[in-house]
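What follows is one structure encoded as structure tokens, with my remarks underneath.
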Amino acid sequence: MSVWADVLAYCLPNRPDSLFLFSYSTTKNRCRNGLHFAWSADGSRWTKIGNEYGFLTCDYGSWSTQKRMIDPVLERNADGIWFCSWLVNENDKIIARTQSLDLLLWKPQEFYKESVIMRPDRSARRDSIYFSNGEKAIGQIHKVESRLVDNLIGRYDQKAYRSQLDAEQMKDDALRFKGLLPVRTQLTVQPGPIKRISKDLIGIFFEDINYGADGGLYAELIQNRDFEYNLHDKLGTDPDWNAMHSWKVKGDGLTFTVDTVQPIHIHNSHYALLNVKTPGSALVNEGWDGIALQKGEKYDFSLFGKRTTGTSSAVSIILRDNSGSVVASSLISIPSGSWKKVKSTMIASSTVQAATLEIIPSGTGGYAFDMVSLFPHNTFKNRPNGLRKDLAQTLADLHPRFVRFPGGCVAHGDGLGNIYRWKNTIGPLESRVPQRNLWGYHQTAGLGYYEFFQFCEDIGAKPLPVLAAGVPCQNSQDGGAGQQCGIPMNEMKAYIQEILDLIEWANGDPKTSYWGRLRAEAGHIKPFGLELLGIGNEDLISEVFKDRFKMIYEAVHAKYPKIKIVGTVGPFYEGSDYEEGWKLATELKVPIVDEHYYNSPGWFINNRNFYDNYDRSKPHVYLGEYASHLPGRPNNIETALSCALYLTDVERNADVVEMSSYAPLFGKENHCQWRPDMIYFDNTKIKLTTDYYVQKLYGTNGGDEYVPCTWKIENENDAVSKRLGQSVIRDSHSGDVIVKLANLLPVSATTVVDLKGLVIGTKKAVLHVLKGNPTDTDAIPSESAFEVGNKFDYEMPPYSFSVIRIKGNLLMDKILNR
Ligand code: AHR
């Protein structure tokens with residue numbers, strides 16, 4: 001009998017109450033495809049469910065090297081609970097284990113040393129089966145109720161259907177919408193109660209990924225200024241990534257070594273030691289892809305130095321272009337004996353894309369240098385140790401209501417030793433603790449908590465620091481066997497104190513509180529007014545996590561009840577971390593949780609009702625990381641419009657979704673670990689993406705009242721209607737009404753906007769339109785004056801996002817009878 005005969009038998013009304021279920025994995029994709037199932041009516045002819053669909057995949061270790069499932073054993077106990085365990089790799093002797101009631105939703109995975117004995121019994125029988133094509137599989141045969149098989153098949157079918165929707169792309173629109181004529185729609189304001197929505201909906205997510213901080217927003221021009229680069233930053237994969245990285249010697253009159261005897265600070269233990277035999281040679285820094293200089297601009301140079309031998313204190317500092325010409329220079333004096341900070345200011349005589357910095361001692365003998373720094377004098381808001389003005393301005397232009405920092409995964413780190421500790425990032429630069437950046441480079445901590453808070457204040461955004469929940473990244477690979485673990489319980493009290501200290505540092509009285517005084521001494525007397533605090537970042541919601549999160553949450557809540565804690569619900573919009581995270585947050589009454597999802601444009605188009613049914617009495621949502629991902633990871637009109645469309649739905653739900661931030665923010669050209677990003681840059685240029693413009697249109701056109709409307713689309717095709725979006729909001733502060741219209745169709749869509757019941761104060765409106773072909777990467781929104789009446793027509797161009805801002809619609813309150 002063929003497999004089809006089996007399938008037919010399965011569908012018949014008289015099919016058996018029980019069936020055989022076979023659980024197995026394969027060695028394909030380096031054992032990463034997870035747990036598969038096959039079913040059989042008679043135990044001999046087997047049909048794969050979903051053709052090797054992974055019903056359970058391994059969470060262990062880093063994405064790049066692990067996530068493997070070897071030899072899974074599945075067992076059901078007397079209470080009907082399924083337990084599954086497997087080896088995570090060939091070397092670590094670690095067993096992963098999880099459980100499920102239905103084989104569909106699995107509990108967070110736990111990882112044990114192989115020696116620990118627990119269910120399921122790994123010495124259980126291994127069965128072999130053969131598929132009709134002769135292929136052999138090894139696993140376990142289980143006798144199960146046929147309903148269970150139904151559910152597995154049903155889940156797979158549902159997944160397959162959803163994947164098909166998720167895969168919808170604009171490249172197929174010509175076929176999908178063949179013959180489609182321009183669409184007509186009517187958008188009519190419904191007099192009635194206005195919904196209050198969050199005025200903090202659009203913010204930014206800042207993480208030091210893709211050289212976003214060092215070499216990026218942080219304006220320092222010298223790379224490896226502290227001589228603290230080390231092999232471990234790149235987990236030993238690059239022998240040149242050491243304390244001498246970015247430095248070289250020019251000439252043969254001196255030797256350059258790195259020493260650690262009597263450093264300027266214990267946290268900064270390496271420094272450069274030059275032994276000069278013949279004066280004239282230089283220690284040269286190449287900056288980050290060179291040092292960009294602007295003609296006429298001032299540059300602040302500084303270093304810590306001391307002479308260990310020799311008599312000549314004079315040292316020349318020269319900035320030179322690649323033809324060898326001097327662009328700026330200064331002379332500094334290095335004392336003998338102990339470390340001294342020496343400064344000078346230089347003015348660039350020409351604009352140079354990639355200069356180098358030379359340190360040239362004038363005499364013979366020993367010179368020690370550390371914290372060699374060159375800053376443009378002209379930083380954002382002229383802050384010392386500040387930010388690159390042009391990049392910071394692009395962020396200010398987004399008009400973000402909050403800034404989340406320092407990550408992302410940088411916040412919870414790769415392994416316990418890599419957790420970002422805020423105290424390591426404040427105080428004099430030479431005393432800060434640099435560390436390995438988990439994205440594979442070096443983090444100076446020069447852009448630390450003080451600078452983050454100052455930046456937030458400078459752009460009028462609320463600070464949202466995110467601290468680890470006592471656990472590192474669930475994809476950790478560094479330290480022991482990696483993976484999530486927890487700060488030992490006997491250290492948790494101190495860790496919690498560290499978190500409480502942050503709140504005191506940010507908000508404490510400058511005279512009466514210890515940490516408030518430190519903030520004031522650092523230059524900020526007035527409290528920063530911290531309101532939000534993130535605990536955790538898309539963590540595995542394991543018992544280890546839950547215990548620690550609860551302790552932190554309760555301690556912070558007890559001492560600072562007004563601080564709004566942002567919890568975390570895993571890296572995806574579904575699955576065990578999402579379910580367990582929501583459960584925990586609901587139990588603890590966490591005010592708001594951080595959701596993350598990076599999905600395809602098709603997902604955004606097909607999940608527009610994602611928040612419509614969220615329970616408003618539960619924690620609210622911070623959509624903390626999201627972006628639209630296409631194969632090849634571009635930012636183009638397709639990615640931008642899918643986010644713009646989805647944000648119309650988020651705005652409708654902005655009573656429950658209080659905050660959102662596109663991620664990641666920055667990508668330095670040629671140094672990206674992750675794409676797409678919102679803003680690309682090199683040392684002199686900035687490329688604002690189509691996704692940036694969508695964020696800016698939302699950020700600069702926010703409001704706090706959602707105006708209910710009806711939206712009639714004169715086309716019954718679901719594929720058409722789900723590609724059209726609208727949102728009408730009002731900013732009660734200015735009285736402006738803002739109409740947002742997204743059209744993801746290849747044809748125009750004319751809409752009759754009927755502001756029924758609203759008395760328009762003025763006919764003046766401003767129209768912004770972002771449009772283009774789906775693959776366009778360079779589209780920029782246009783801005784023009786636009787005239788409106790109580791009823792007006794607007795033609796949405798094909799593939800466009802339009803924002804119509806109607807000025808000062810002051811009479812609206814009365815009309816809507818609030
Ligand atoms: O945004 C990039 C990364 O994506 C973040 O660090 C992490 O939280 C997420 O997985």
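What to note about this one:
- Put simply, the amide H of D127, placed in the peptide plane, has neighbours under 5 Å in G139, Q140, I141, leaving out anything fewer than 5 places away on its chain.
- Computed log₁₀ I(q)/I(0) - Debye formula, equal Cα scatterers, no solvent, the chain, q 0.06 Å⁻¹: -0.47
- Between V707 and V728, I729, R730, the built amide H atoms are under 5 Å apart, and every one of these is 5 or more places off in sequence or on another chain.
- Peptides 88-101, 256-269 ranked from most to least packed by the mean count of surrounding Cβ atoms within 10 Å: 88-101, 256-269.
- Förster-model FRET efficiency, 22 Å R0, I780 and R633, C-beta, rounded to 0.05: 0.60
- Cut-off under 5 Å, modelled amide H: who pairs with S476 long-range: G415, Q483, Q484
- Local electrostatic count at M69 - Lys and Arg +1, Asp and Glu -1, tallied over other residues with Cβ under 13 Å: +2
- For the stretch 493-598, applying the loop criterion from DSSP together with a ceiling of 15 other beta carbons within 10 Å to the trypsin sites (Lys or Arg not before Pro) yields K511, K562, K589.
- In order through the stretch 684-698: 3J(HN,Hα) via Karplus (6.51 cos²θ - 1.76 cosθ + 1.60), integer Hz, x for Gly, Pro: 10, 10, 10, 10, 7, 8, 4, 5, 4, 5, 5, 4, 5, 4, 6
- Relative to the Cα centre, the charge distribution of the chain, modelled as +1 at Lys and Arg Cβ and -1 at Asp and Glu Cβ, gives a dipole magnitude of about 980 debye.
- Counted charge near K764, where neighbours are those whose Cβ lies closer than 10 Å (Asp, Glu -1; Lys, Arg +1): +2
- Taking θ as phi - 60° and the Karplus parameters 6.51, -1.76 and 1.60, the scalar couplings of the stretch 42-55 work out to 10, x, 10, 9, 10, 10, 6, 8, x, 6, 6, 5, x, 6 Hz in sequence order, x denoting glycine and proline.
- When you count the other C-beta atoms within 10 angstrom of each residue and take the mean per peptide, 597-604, 138-145, 784-791, 690-697 line up highest first as 690-697, 597-604, 138-145, 784-791.
- Rg ratio (alpha-carbon, reference 2.2 N^0.38 Å) - the stretch 231-378: 1.03
- Estimated from helices alone, the mean residue ellipticity of the chain at 222 nm is -5500 deg cm²/dmol (sum of -39500 (n - 2.57) over DSSP H runs with n ≥ 4, per residue).
- Note on the chain: antiparallel DSSP beta bridges, both residues inside, total approximately 75 percent of the bridges counted.
- Between 0 and 90°, nearest 10: helix 489-507 axis offset from the chain longest Cα axis: 70 degrees
- A quarter of the convex hull surface defined by the alpha-carbon atoms of the stretch 3-166 gives 10.5 nm² as the mean projection.
- Partners for K298 among lysines (Cα-Cα distance below 21 Å; same-chain residues under 8 apart left out): K341, K343, K381, K389, K685
- Most positive-pole-ward Cα, T237, Q353, L319, against dipole of the stretch 231-378 from beta carbon charges: L319
- Over 29 Å between alpha carbons, listed pairs K462/K511; K195/K559; K93/K668: K195/K559; K93/K668
- Net charge, R675 excluded, C-beta distance under 13 Å - Lys, Arg +1, Asp, Glu -1: 0
- Along the stretch 790-801 the Karplus relation, 6.51 cos²θ - 1.76 cosθ + 1.60 evaluated at θ = phi - 60°, assigns HN-Hα couplings of 5, 10, 8, 9, 9, 9, 6, x, x, 6, 8, 10 Hz to successive residues, with x for each Gly and Pro.
- Relative exposure of S18, S246, S23, judged by other C-beta atoms within 10 Å (fewest first): S18, S246, S23
Quick note: the coordinates plus some simple rules give every number you see, no bench work behind them. Only a predicted model underlies this, so the values are computations on that prediction, with no experimental measurement involved. Glycine gets a Cβ as well: all are built from the backbone with ideal geometry, and neighbour counts include every protein chain shown.
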